[in-house]
Amino acid sequence: MTPILEVKNLSKTFYGVKKHVALSNVSFDMNRGEVVCLVGPSGSGKSTLLRCLAGLEEADKGEIVLLGEHNISQYDEKATDAIKDNISFVFQDFNLWPHKTVMENITFAPVLKKKMSVDEAKKTASSLLKRFDLYDKKDIYPDFLSGGQKQRVAIIRALAMQPKLLLLDEITSALDPELISSVFNLIKILAKEGQSMLIVTHHLKFATEIADKILFLDNGHLVQESSARDFVFAQKNPRIADFLRSVSLDKEEISIYRGTDQFQAFQIGVLKRLKSGSSICVPGSSGDRWFDVMGDSYKIYDKERIEKNISWKMTMYEESPRDKETRLLHPELNEYRLMPKNLKNPANYFVVEDAVVIQVFGEKGDEPAIIEIKNKSVAESYMSYFKLLWDQSEPIK
Ligand code: ADP
Ligand code: MG
């Protein structure tokens, strides 16, 4: 599949009072339907990158390829058209037009730039407003909206252009904390619907919940590209570790356990901590590697689990002989389901009521590790993902 966006060696220097390298050889790809979060300290070049993608800034060097066919780094008329047709952009401060109603704000650009009829534009706008509970505000002027509502209208205005790619730059940073979640919820819905988004945010919790990939920019350099989970634990890179310490994911909520002994002890510890009758939910069975690592201690684990009536709920692509064996041994405590084949490979983790546990196996011979995030709301959001998967999977009998 052609990536929706390919950025190759993008560089940008500002020559002001002092020369400043804002972007230095930044390269990454983004697939259709992906959510990529861009994080990094203030001044690291995040907005500059987004502005280059939106055609608001010219890069000095490098390439930006949109949908595999448009080279939009050439800044000619064709590039401008490709951007206009495919990319929408929402900034930090809601730049809604104060002299136009919500409806007018949303329909203006589609009519002007996409040559939609007024009726058609109004129909699209109405359905978006209804979907995000803002329809009753359609004839109101932006000044009478709350910050969260303004920012949601700004997103709807961007969506009304039916962009293939949506760029969001710190869209919650001007909002009071209690208004932020309404905007995040909207973005989560869009993510589920497969809207491709590149999101600059400093809310790491949100980023790890929503992103397929997290890019970390530091001083104009793309220091790290990783999956959301790996990112949180990218402690190897001291710069990222520092950054993580300064932001919202609470360090106390994260524990890391390394090596086989700690891995085994942790698993048994989970059983001891859970109330009897609880479930351990595993999206994507951990496979036989899990049993390998557990070794002889699996006997203790199994005994404890059966005694405490703790069930395994797993969704898997196929059932291995080992899986089948355990299932037939305790069918009531081993509920396995087959996932639809078209789903993306889910993570190697499990969820219990108060924690998400990531299991890192690495290659054979590598030390296994456990990363535990003990946070109820993170656990809840992973659990809701699991439930979705569970409901779409077929019980194995
Ligand atoms: P971020 O969004 O990560 O906070 P920016 O992309 O806004 O960072 O800025 C990166 C660096 O480039 C900063 O040091 C900033 O001062 C500089 N910069 C951004 N825009 C301009 C400009 N138009 N002229 C001069 N310097 C700029
Ligand atoms: Mg910025």
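Just so you know, all these numbers are worked out from the coordinates, no wet-lab data involved. Remember, it's a predicted structure, so these values are computed and weren't measured experimentally. Cβ placement follows ideal geometry from the backbone for every residue including glycine, while neighbour counts extend to all protein chains displayed.
Adding -39500 (n - 2.57) for every DSSP H run of four residues or longer, then dividing by how many residues the chain holds, sets the calculated 222 nm ellipticity at -11500 deg cm²/dmol. Placing one equal scatterer on every Cα of the stretch 91-139 and applying the Debye formula, the log10 ratio I(q)/I(0) at q = 0.17, 0.22, 0.23, 0.32 Å⁻¹ is -0.50, -0.81, -0.87, -1.17. Taking amide H as placed 1.01 Å from N in the peptide plane, Asn31 has its amide H under 5 Å from the amide H of Ile4, each at least 5 places away in sequence or on another chain. Taking amide H as placed 1.01 Å from N in the peptide plane, the amide H of Asp60 sits under 5 Å from that of Ser11, Lys12, Thr13, each at least 5 places away or on another chain.
The GluC sites (Glu not before Pro) of the stretch 1-76 that DSSP puts in a loop, and whose beta carbon has at most 15 other beta carbons within 10 Å, are Glu58, Glu69.
Scalar couplings 3J(HN,Hα) for the stretch 256-268, obtained by applying the Karplus form with A = 6.51, B = -1.76, C = 1.60 to θ = phi - 60°, are 10, 10, 10, x, 4, 4, 5, 4, 5, 4, 4, 4, 6 Hz; x denotes Gly and Pro. Among residues other than Glu307 with Cβ under 15 Å from its Cβ, the summed charge is +4 (Lys and Arg +1, Asp and Glu -1).
If you take every residue apart from Arg322 with its C-beta less than 13 Å away from the C-beta of Arg322, what net charge results, scoring Lys and Arg +1 and Asp and Glu -1? Please report the intermediate quantities before stating the final value.
Numbers: positive: Arg289, Lys324, Arg327; negative: Asp288, Asp292, Asp302, Glu318, Glu319, Asp323, Glu325.
Charge balance in the 13 Å sphere: -4.
Quick check for me: using +1 on Lys/Arg Cβ and -1 on Asp/Glu Cβ, what's the dipole size of the chain about its Cα centre, in debye to the nearest 20? Show your work: numbers first, answer last.
Details: 54 positive and 56 negative charges, 99 e Å.
Its charge dipole is roughly 480 debye.
Checked against a 23 Å cut-off, the cross-linked pairs Lys313/Lys341; Lys78/Lys113; Lys137/Lys192; Lys130/Lys188 give Cα-Cα distances beyond that limit for Lys137/Lys192. Each principal axis of the Cα atoms in the stretch 82-189 has its own extent, and those three values, largest first, are 38, 30, 24 angstrom.
Placing +1 on the Cβ of every Lys and Arg and -1 on the Cβ of every Asp and Glu, with no other charges, gives the stretch 298-397 a dipole of roughly 180 debye about its Cα centre. A simple rule links phi to the HN-Hα coupling: the Karplus curve 6.51 cos²θ - 1.76 cosθ + 1.60 with θ = phi - 60°, which for the stretch 321-330 gives x, 5, 4, 4, 4, 5, 5, 5, 5, 9 Hz, with x for Gly and Pro. For the chain, the antiparallel share of DSSP beta bridges with both residues in that region comes to about 60%.
Please rank His203, His99, His70, His330, fewest neighbouring Cβ atoms within 10 Å first, as an exposure proxy. Show your work: numbers first, answer last.
Numbers: His203 20, His99 10, His70 17, His330 14.
So the residues, fewest neighbours to most, are His99, His330, His70, His203.
Of all alpha-carbon pairs in the stretch 278-359, indicate the percentage at a distance above 15 angstrom. Result for the distance tail: 60 percent.
Against the 2.2 N^0.38 Å scaling, with N counting residues, where does the chain land? I'd like the Cα-based Rg ratio to two decimal places.
Working: Rg = 23.7 Å, N = 397, 2.2 N^0.38 = 21.4 Å.
Against the compact-globule rule of thumb, the ratio is 1.11.
Since only Ser279, Ser117, Asn334 are under comparison, the one whose Cα sits farthest along the positive direction of the charge dipole of the chain, derived from C-beta charges on Lys, Arg, Asp and Glu, is Ser117.
Between Gln224 and Phe216, the built amide H atoms are under 5 Å apart, and every one of these is 5 or more places off in sequence or on another chain. Angle of helix 177-192 to the longest C-alpha principal axis of the chain, folded into 0 to 90 degrees and rounded to 10: 80°.
How would you rank Thr13, Thr124, going from fewest to most other Cβ atoms within 10 Å of each one's own Cβ?
Working: Thr13 14, Thr124 20.
Fewest to most other Cβ atoms nearby, the residues stand as Thr13, Thr124.
Ranking Ile140, Gly45, Ser227 by Cα position along the charge dipole of the chain, where only Lys, Arg, Asp and Glu carry charges on their C-beta atoms, puts Ile140 farthest toward the positive end.
Expressed in nm², what is the orientationally averaged projection area of the convex hull enclosing the Cα positions of the stretch 254-395?
Values: hull surface 32.1 nm².
With every direction weighted equally, the projected area is 8.0 nm².
Note that the stretch 99-104 has calculated 3J(HN,Hα) couplings of 8, 10, 5, 3, 4, 5 Hz, one per residue in order, obtained from phi through the Karplus relation 6.51 cos²θ - 1.76 cosθ + 1.60 (θ = phi - 60°); glycine and proline are x.
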